[in-house]
Amino acid sequence: MRAFVAVAEEGGLSAAARRLHISQPALSQTVNALEREFGTQLLTRSSTGAQATETGLALLAEVRAVLARYDQALAVMAARTGESTTTLRIGIPLELPADLLSRALLDLAAAYPGTRVQARHLSTSAQLAELRKGDLHLGLLRERPLGQEFDAMPVVEEHLGVLLAAERAAQLAGPDGIRLDALNGLDWVGFARSGSPAWYDELTAILRSHGIDPGPPAPEGQPLIAEVKLASVSAGHAFTLAPPGWSQPLPDTVTWFPLTGHPIVRRTWAVWNAGSHRRDLGHLVAALDQPTDQEPRAVRRCCA
């Protein structure tokens, strides 16, 4: 019903899909199902949009009244049962830009004060498993899942730089940073492939294309936290990758430099189960899609 109202008010499927934060095909399927249920055409579709038929206009008035009563009933029951607080569970990877989620959560709190957010640090693979089980509502993943099971939206791109022992960095640094191929001969301190297989494969392919041997895989089950990175590179025989504006303080013995030409771009995706109808989740996804100091992002789709 909400989908039908949005299409009728927006005058087209594309605009209504943007308003509801869902994909246009999913919206079209919903409206088609409503027409099959009533056994009549509710919308006239054309290349310029969609307009309600005479029957659709009659239904529109009834639907608005039904939705208003439904929302009122929810509010009354929430007040009586004390269940006005709902929980939105989200997964967060290591090294997420500090302003990305905090700004979106402030926006969510203002729009949905009854929604409580629970956040968990999980790898991409672990978040996907939790999303499939329904234990997460939103994941922030380092790769876009394949297939129709999930909807996804890119939320940030980061040009990764390199963490090195200060003395080693001084030897390798040029006016624009450090060339990736200049790191050949140093050990790469990387993460376990099982944590994010597609991102691991993309990253190691870039390293190999610049003459760098990624070395043996990292031990499974050991997240690559900041303390491990700093300890591993401090002796001068290894390097690791990190985003600009890394939130961890650096000791005097370690320094960060950009990579010349920005050859390594790390992308983070917001991912949720396709067909979700949580409006607070839809609002959070829309808030994540707003520009920040990071790269601008394109609108995708979410729930209503």
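If you go through region 88-111 one residue at a time, do you hit one that is closer than 21 Å to Arg193 by Cβ and more than 11 Å from the chain's Cα centre (by Cα)?
Just the residues of region 88-111 that are closer than 21 Å to Arg193 by Cβ, to begin with: 91-96.
Right, trim to more than 11 Å from the chain's Cα centre (by Cα) and you get 94-95.
Yes: region 88-111 contains one or more residues that are closer than 21 Å to Arg193 by Cβ and more than 11 Å from the chain's Cα centre (by Cα).
Looking only at region 4-52, count every residue that is surrounded by 15 or more Cβ atoms within 10 Å (Cβ to Cβ), more than 31 Å from the chain's Cα centre (by Cα) and polar (S, T, N, Q) and tell me the total.
1
Here is a check on your reading of the model: is Ala205 open to solvent by 10 Å² or more (accessible area, probe 1.4 Å) and within 27 Å of Leu140 (Cβ to Cβ)? Talk me through it step by step, then tell me what you get.
Numbers: open to solvent by 10 Å² or more (accessible area, probe 1.4 Å): yes; within 27 Å of Leu140 (Cβ to Cβ): yes.
Yes.
If you scan region 208-225, which residues turn out to be buried (at least 17 other Cβ atoms within 10 Å of the Cβ) and within 16 Å of Gly161 (Cβ to Cβ)?
Within region 208-225, Ile212, Leu224 meet the criteria.
Go through the residues of region 241-249 one by one and say whether even a single one is within 23 Å of the chain's Cα centre (by Cα), of a type in the set (Ser, Thr, Tyr), buried (at least 18 other Cβ atoms within 10 Å of the Cβ) and under 22 Å from Leu122 (Cβ atoms). Let's see the steps before the verdict.
Step one: of region 241-249, the residues within 23 Å of the chain's Cα centre (by Cα) are 241-248.
Adding the requirement that they be of a type in the set (Ser, Thr, Tyr) leaves 247.
Okay, now just the ones that are also buried (at least 18 other Cβ atoms within 10 Å of the Cβ), so none.
Looking for residues that are within 23 Å of the chain's Cα centre (by Cα), of a type in the set (Ser, Thr, Tyr), buried (at least 18 other Cβ atoms within 10 Å of the Cβ) and under 22 Å from Leu122 (Cβ atoms), one finds none in region 241-249, hence no.
Report those strands (runs of 3 or more DSSP E) wholly inside region 125-222 carrying at least 3 residues which are under 20 Å from Leu259 (Cα atoms).
150-159, 161-165
Tell me which residues, restricted to region 84-115, are in a strand (DSSP E or B) and within 14 Å of Leu281 (Cα to Cα). Lay out the reasoning, then the answer.
Step one: list which residues in region 84-115 are in a strand (DSSP E or B), which gives 86-92, 115.
Matches in region 84-115: Thr86, Thr87, Leu88, Arg89, Ile90, Gly91, Thr115.
Does at least one position in region 226-237 carry a residue that is modelled with pLDDT of 90 or more, over 30 Å from Lys133 (Cβ atoms), surrounded by 15 or more Cβ atoms within 10 Å (Cβ to Cβ) and among the polar types (S, T, N, Q)?
Yes: one or more hits.
List pairs: first in region 66-90 and modelled with pLDDT under 65, second open to solvent by 70 Å² or more (accessible area, probe 1.4 Å), Cβ under 6 Å, 6+ apart or cross-chain?
Taking only residues 6 or more apart or on different chains, the pairs are Thr85/Arg116.
Given the conditions (1) within 26 Å of the chain's Cα centre (by Cα); (2) without any contact (Cβ under 8 Å) to a residue 12 or more places away in the chain, and given that Gly221 satisfies all but one, which numbered condition is not satisfied?
Single failed check for Gly221: (2).
Residues that are free of Cβ contacts under 8 Å to residues at least 40 places away in the same chain and open to solvent by 60 Å² or more (accessible area, probe 1.4 Å): does region 147-168 have at least one?
Just the residues of region 147-168 that are free of Cβ contacts under 8 Å to residues at least 40 places away in the same chain, to begin with: 147.
Applying the additional criterion that residues be open to solvent by 60 Å² or more (accessible area, probe 1.4 Å) yields none.
Checked against the condition, which is being free of Cβ contacts under 8 Å to residues at least 40 places away in the same chain and open to solvent by 60 Å² or more (accessible area, probe 1.4 Å), region 147-168 yields no hits at all.
The values are calculated or read from the model by the stated rules, or taken from the named source; none is laboratory data. All values derive from a computational prediction rather than experimental measurement. Note that we place each Cβ from the backbone using ideal geometry, even for glycine, and neighbour counts take in every protein chain shown. Remember, those area values only see protein heavy atoms, side chains included, never the ligands or the DNA or RNA. Shrake-Rupley method; radii C 1.70, N 1.55, O 1.52, S 1.80 Å.
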